[in-house]
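Note sheet for the following structure.
The values are calculated or read from the model by the stated rules, or taken from the named source; none is laboratory data. Because the structure is predicted, anything quoted here is derived from the model rather than measured. Counting neighbours? That spans all protein chains shown, and the Cβs are built from the backbone with ideal geometry, glycine included. Note: accessible area is taken over every heavy atom of the protein model, side chains too, but ligands, DNA and RNA are not part of it. Shrake-Rupley method; radii C 1.70, N 1.55, O 1.52, S 1.80 Å.
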Amino acid sequence: MVVEKKPAICGICPGGCAVEVTLEDGRLVKAEPLQGAPYANLCVRGRYAPEIVYSPHRLQTPLIRTGERGEGKFRIASWDEALDLTAQKMNEIKAKYGPQALLSHSGRGAFEQSLVEFCNSRDSVANNLLLPFGSPNIASTGSLCFVSYGILAPMANFGLPGAWLTPDLENSNLIVVWGTNPVTDSPPIFFKRIARAQRKKTRVIAVDQMRSDIAGRADQWVGVRSGTDGALILGLLNVVINEQLYNRDFVENWTLGFAELSDYVRNFTPAKVESITRVPAATVTALAREIANTEGVSLRTYTGLEYTNSGVQNIRALYILWALTGNLDVPGGLCLSAPPASPAQREKIEAPAGVLPIGADKYPLFYELTRSAHYMEFPRAVLEGKPYPVKGLLINGSSTLTSYPQPAIFEEAYRSLDFMMVIDLVMTRDALFADVVLPSATYYEINSYQRYPGYVRLRRQVIKPVGQSKNCFLIMAELANRLGYGHLYPQSEEEVIEKAFAGNPGLLEALKNSPDGVKLPYPERRYKKYELGLLRKDREPGFPTPSGKMEITSSLMAKHGYDALPVYTEPAEGPLQNPELCREFPLVMNTGARIQSTFRSQHLNVPGLVKLQEKPQALINPVDAAERGISSGDRVAVSTRRGRVFFYADVTEKVLPGQTEVNMGGGNPTQVEAWRLANVNDLADFSNRDPVSGFPVFKALLCQIEKA
Ligand SMILES: Nc1nc2c(c(=O)[nH]1)N[C@H]1C(S)=C(S)[C@@H](COP(=O)(O)OP(=O)(O)OC[C@H]3O[C@@H](n4cnc5c(=O)[nH]c(N)nc54)[C@H](O)[C@@H]3O)O[C@H]1N2
Ligand SMILES: Nc1nc2c(c(=O)[nH]1)N[C@H]1C(S)=C(S)[C@@H](COP(=O)(O)OP(=O)(O)OC[C@H]3O[C@@H](n4cnc5c(=O)[nH]c(N)nc54)[C@H](O)[C@@H]3O)O[C@H]1N2
Ligand code: SF4
Ligand SMILES: [Mo]
């Protein structure tokens, strides 16, 4: 047996951790962290790489549907036949209904670096393949992830995307982690940095609806009712303004709308905030004082605040709190830094003129800033022909029927399509509805590259593609070829790499000779860039907003008819708005806080990982469990107005009394039974959305839990 060990990049998710792999006769048997290398990590999923890449559930060949949609009957096809059929059906739809009748959706399986750099639209993570075809309808998981916190809120406040906002954790005197659990980030870079700061005795506060991993490790956990962070933040602002703890110079010189904000927050007294958020009034006051009086407070937030009725506004309020307390772009604070530009040489791909993507009418700010279609509007387009009919769908690396609310509505749309194609590693529920299913290789099976902050590596193929699977970049490029515009995309892995470093050929040479990667010069950190003219294109001081100020009253929001102030809206389905409903469904329901062993719907068929948590859980406080005669491990029915799904109880003080956290990810056909039958999104609400982002309210709903 030939045993070989070599450095590699983990191929399980786009995190790009540096690993050392062991191969036995060319077969991957082990992945370990690459000792001493930058970005050496190995999360629990990465450790099970061999089981994941050689899973018996991997798709081996292209498939063409022979049964009814959803039935799961397919025949094996050749790549030529499957791709020819796809191109033919796309052209048929174009001839009959126009190119805009085709829509694409890309997801968490499609974030590999080369795809991101060559196939994504400039403004979002949506794949741009359909733009040259003539359709503006490129959608992605941006319709329910990242865009609120990463684009809409920071653009409205600062005129800058969230990629610019980087917490200066190393120099902080206080780190606040709000609505994110960096322990499950992939790779866990923020967690490592926070843990390092904790070893240096930096204080950490976590604001979370439950005692998450990071809250458990923090000095203080502020437990909040899901979806009410907006009220809490306005309460903190109330204290900061009343006690004049804000940074006067920043307010006077760099903000728009401070007077209106002062007026608005007057109602959010600590006592009132307690009644809304469950955070004791004394904690509200103390937290406000601590954030305002500590020099250098950094903030890390992510998805926890995105899924409530005023998600975008709440996140805006949070960033405003940081700026007003003097913690924006100062040592140890929330800094503003331009992400490094990519030297990749990609063709210019423009959106077709004259036709807007679906969703642009309902979510105009989302459209203006992402230039992509809103997938929450897909069922309306297919089933009602509004704003115009959509007849064809291409999905790459996404499991929409486990990730979108009320999947039955999406299934009905999929049944009504003229054509549907899915590219994935495994047979997803989506794929059951597709006419053509194409097998993707994992990132362990491809050649590419990975960029990190201050560092870059080549991704070298570790094993040959499993079965007939292919690099999904090349699948896209080949499809473009058949549609007559292959010249817009690199057509081989060599060409991908060549073009990725076209702006810096010396770097490519260096990379070829250094399997552990190359360190890049890292720009020196400069603070208060708004004073130095480093934020605006015209080099004038200020922010790149229409007023040049940080806009507390946002002109971008106002332009599209939204409140200019970061106003709080009570969850549409919550105990205060719906006391009637609350009698039947008394528990505040949160869904989808990450667990270590899965990545959204993925890996729930990998024995080693499933063993870590065999069943999908509903977390319930001992007080609520006792009232219902529920013990840990019991099978329980979780019901909402929309439906009833069975989970397994975890009785724990990690959740507050009256609240529950329900696992997300179940519902796919290849998963182990307990998970396959537990799609939490059957309980979510398709119509209940944040009107600015269009994101579903996944984390502020009402439910009942009963022993099954
Ligand atoms: N109720 C509730 N719903 C939620 C959430 C929640 O918190 N609560 N979270 C939301 C969030 S943040 C997100 S991002 C979405 C998840 O959005 P999705 O994109 O649907 O996420 P996954 O379930 O990870 O699906 C990714 C798919 O890509 C496939 N895949 C993996 N690697 C590759 C590859 O290399 N190539 C190809 N072609 N495919 C690959 C996987 O097999 C899997 O089927 O769910 C959202 N839904
Ligand atoms: N292992 C693993 N890693 C993943 C993923 C995965 O599925 N598994 N998913 C990936 C994806 S798609 C994404 S988008 C990122 C997301 O990364 P994160 O945003 O860090 O996601 P979570 O780990 O769920 O952390 C969100 C936290 O917000 C809390 N929360 C929920 N609702 C509220 C609320 O209303 N208020 C407050 N204050 N807190 C709230 C939850 O309890 C949870 O602790 O993670 C990525 N990394
Ligand atoms: S975070 Fe992603 S890239 Fe890193 S070890 Fe885990 S699965 Fe692999
Ligand atoms: Mo996500």
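With the checklist (1) part of a loop (DSSP other than H, G, I, E, B); (2) more than 16 Å from ligand 1 (Cβ to nearest atom); (3) closer than 22 Å to residue 397 by Cβ; (4) in contact with a strand residue (DSSP E or B) (Cβ under 9 Å, 6 or more places away or on another chain) in hand, flag the one item residue 70 doesn't pass.
The single condition residue 70 does not satisfy is (4).
What pairs come up if the first residue lies in the range 238-256 and is closer than 18 Å to residue 554 by Cβ, the second is of a type in the set (Val, Ile, Thr), and their beta carbons are under 8 Å apart, counting only those six or more places apart or on different chains?
As it stands, the answer is 255/552; 256/545; 256/552; 256/553, since those pairs meet every condition given.
Mind checking whether some residue in the range 346-358 is on the phi < 0 side of the Ramachandran plot, open to solvent by 20 Å² or more (accessible area, probe 1.4 Å) and without any contact (Cβ under 8 Å) to a residue 60 or more places away in the chain?
Looking for residues that are on the phi < 0 side of the Ramachandran plot, open to solvent by 20 Å² or more (accessible area, probe 1.4 Å) and without any contact (Cβ under 8 Å) to a residue 60 or more places away in the chain, one finds at least one in the range 346-358, hence yes.
If we scan the range 59-74, do we find a residue that is open to solvent by less than 10 Å² (accessible area, probe 1.4 Å) and not small (Gly, Ala, Ser)?
yes
Which of the residues spanning the range 660-708 are of a type in the set (Asp, Glu) and open to solvent by less than 20 Å² (accessible area, probe 1.4 Å)? Break it down into steps so the answer makes sense when it comes.
Step one: of the range 660-708, the residues of a type in the set (Asp, Glu) are 661, 673, 682, 685, 690, 706.
Residues satisfying the conditions are 661, 690.
Look at residue 311 and say whether it is away from ligand 3 (no atom under 16 Å from the Cβ), out of contact with any Gly (no Cβ under 8 Å at 6 or more places or on another chain) and within 30 Å of residue 245 (Cβ to Cβ).
yes
Looking at (1) assigned to a helix (DSSP H, G or I); (2) on the phi > 0 side of the Ramachandran plot, which is the one condition that is false for residue 542?
(1)
Do you know which residues across the range 398-433 are small (Gly, Ala, Ser) and within 19 Å of residue 141 (Cα to Cα)?
398, 399, 403, 408, 413, 431 - these are the residues of the range 398-433 that are small (Gly, Ala, Ser) and within 19 Å of residue 141 (Cα to Cα).
Just checking, how many residues over the range 150-183 are more than 29 Å from residue 201 (Cα to Cα) and not hydrophobic (A, V, I, L, M, F, W, C)?
Selection size over the range 150-183: 5.
For the condition in contact with a Leu (Cβ under 8 Å, 6 or more places away or on another chain), more than 16 Å from ligand 3 (Cβ to nearest atom) and outside any loop (DSSP other than H, G, I, E, B), what is the one hit in 197, 206, 215?
One residue alone meets the criteria, 197.
Give the residue, chosen from 168, 213, that is in the same structural domain as residue 291 (by TED's automatic domain parsing), within 14 Å of ligand 2 (Cβ to nearest atom), within 24 Å of the chain's Cα centre (by Cα) and among the charged types (D, E, K, R).
213
Anything in the range 399-439 that is among the hydroxyl-bearing types (Ser, Thr, Tyr) and open to solvent by 10 Å² or more (accessible area, probe 1.4 Å)? List them, or say none.
Matches in the range 399-439: 399, 403, 416.
For the range 326-343, give me each residue that is part of a loop (DSSP other than H, G, I, E, B) and within 24 Å of the chain's Cα centre (by Cα).
Correct list: 333, 337, 338, 339, 340, 341, 342.
What about residue 355, is it over 30 Å from residue 485 (Cα atoms), part of a loop (DSSP other than H, G, I, E, B) and among the β-branched types (Val, Ile, Thr)?
On the way: over 30 Å from residue 485 (Cα atoms): no; part of a loop (DSSP other than H, G, I, E, B): yes; among the β-branched types (Val, Ile, Thr): yes.
For residue 355, the condition - over 30 Å from residue 485 (Cα atoms), part of a loop (DSSP other than H, G, I, E, B) and among the β-branched types (Val, Ile, Thr) - is not met.
Looking at 509, 524, 498, 494, can you tell me which residue is farther than 30 Å from residue 314 by Cα, assigned to a loop (DSSP other than H, G, I, E, B) and of a type in the set (D, E, K, R)?
Step by step, each of 509, 524, 498, 494 is checked, and only 524 is farther than 30 Å from residue 314 by Cα, assigned to a loop (DSSP other than H, G, I, E, B) and of a type in the set (D, E, K, R).
If we keep just the residues of the range 661-708 that are within 16 Å of ligand 4 (Cβ to nearest atom) and outside any loop (DSSP other than H, G, I, E, B), which is farthest from residue 567 (Cα to Cα)?
Selected residue: 680.
How about the range 608-659: which strands (runs of 3 or more DSSP E) wholly inside it have at least 3 residues that are surrounded by fewer than 21 Cβ atoms within 10 Å (Cβ to Cβ)?
Qualifying strands (runs of 3 or more DSSP E): 635-640, 643-651.
Within the range 89-174, which strands (runs of 3 or more DSSP E) (wholly inside it) include 1 or more residues that are within 13 Å of ligand 1 (Cβ to nearest atom) and open to solvent by less than 10 Å² (accessible area, probe 1.4 Å)? Break it down stepwise before answering.
On the way: elements: 102-106, 138-140, 165-167.
The strands (runs of 3 or more DSSP E) meeting that bar are 102-106, 138-140.
Is it the case that the range 375-390 has a residue that's in a loop (DSSP other than H, G, I, E, B), touching a residue at least 60 places away in the same chain (Cβ under 8 Å) and either within 16 Å of ligand 3 (Cβ to nearest atom) or at positive phi (or both)? Please lay out each step first, then the result.
Step one: of the range 375-390, the residues in a loop (DSSP other than H, G, I, E, B) are 385-390.
Right, trim to touching a residue at least 60 places away in the same chain (Cβ under 8 Å) and you get 388-390.
Those left that are additionally either within 16 Å of ligand 3 (Cβ to nearest atom) or at positive phi (or both): none.
Scanning the range 375-390 turns up no residue that is in a loop (DSSP other than H, G, I, E, B), touching a residue at least 60 places away in the same chain (Cβ under 8 Å) and either within 16 Å of ligand 3 (Cβ to nearest atom) or at positive phi (or both).
Exactly one condition in (1) under 25 Å from residue 267 (Cα atoms); (2) within 16 Å of ligand 3 (Cβ to nearest atom); (3) among the hydroxyl-bearing types (Ser, Thr, Tyr) is not met by residue 601; state its number.
All conditions are met except number (1).
Could you check how many residues of the range 71-124 are touching a Lys or Arg at 6+ places or on another chain (Cβ under 7 Å) and within 16 Å of ligand 2 (Cβ to nearest atom)?
Within the range 71-124, residues that are touching a Lys or Arg at 6+ places or on another chain (Cβ under 7 Å) and within 16 Å of ligand 2 (Cβ to nearest atom) number 2.
Just checking, which of 613, 659, 596, 617 is in the same structural domain as residue 678 (by TED's automatic domain parsing), at pLDDT below 95 and not aliphatic (A, V, I, L, M)?
It is 596.
Is it the case that residue 666 is touching a residue at least 60 places away in the same chain (Cβ under 8 Å), in contact with a helix residue (DSSP H, G or I) (Cβ under 8 Å, 6 or more places away or on another chain) and farther than 19 Å from residue 223 by Cβ?
Working: touching a residue at least 60 places away in the same chain (Cβ under 8 Å): yes; in contact with a helix residue (DSSP H, G or I) (Cβ under 8 Å, 6 or more places away or on another chain): yes; farther than 19 Å from residue 223 by Cβ: yes.
For residue 666, the condition - touching a residue at least 60 places away in the same chain (Cβ under 8 Å), in contact with a helix residue (DSSP H, G or I) (Cβ under 8 Å, 6 or more places away or on another chain) and farther than 19 Å from residue 223 by Cβ - is met.
Which residue is nearest to ligand 4 (Cβ to nearest atom), if the candidates are limited to the range 112-150 and must be at pLDDT 95 or above and among the aliphatic types (A, V, I, L, M)?
144
From 274, 243, grab the single residue that is in contact with a Pro (Cβ under 7 Å, 6 or more places away or on another chain) and either in the same structural domain as residue 699 (by TED's automatic domain parsing) or open to solvent by 50 Å² or more (accessible area, probe 1.4 Å) (or both).
Every option except 274 fails the conditions.
Within the range 217-225, is even one residue in contact with a Pro (Cβ under 6 Å, 6 or more places away or on another chain) and assigned by TED's automatic domain parsing to the domain that holds residue 309?
no
If I filter the range 282-306 down to residues being among the aliphatic types (A, V, I, L, M) and under 25 Å from the mean Cα position of the chain (by Cα), which single residue comes out as farthest from ligand 2 (Cβ to nearest atom)?
Restricting to residues being among the aliphatic types (A, V, I, L, M) and under 25 Å from the mean Cα position of the chain (by Cα), the top hit is 297.
Could you run through the range 292-312 and say how many residues are open to solvent by less than 10 Å² (accessible area, probe 1.4 Å) and outside any strand (DSSP E or B)?
7
Among residues belonging to the range 13-48 that are away from ligand 1 (no atom under 16 Å from the Cβ) and at positive phi, point out the one that is most open to solvent (accessible area, probe 1.4 Å).
25
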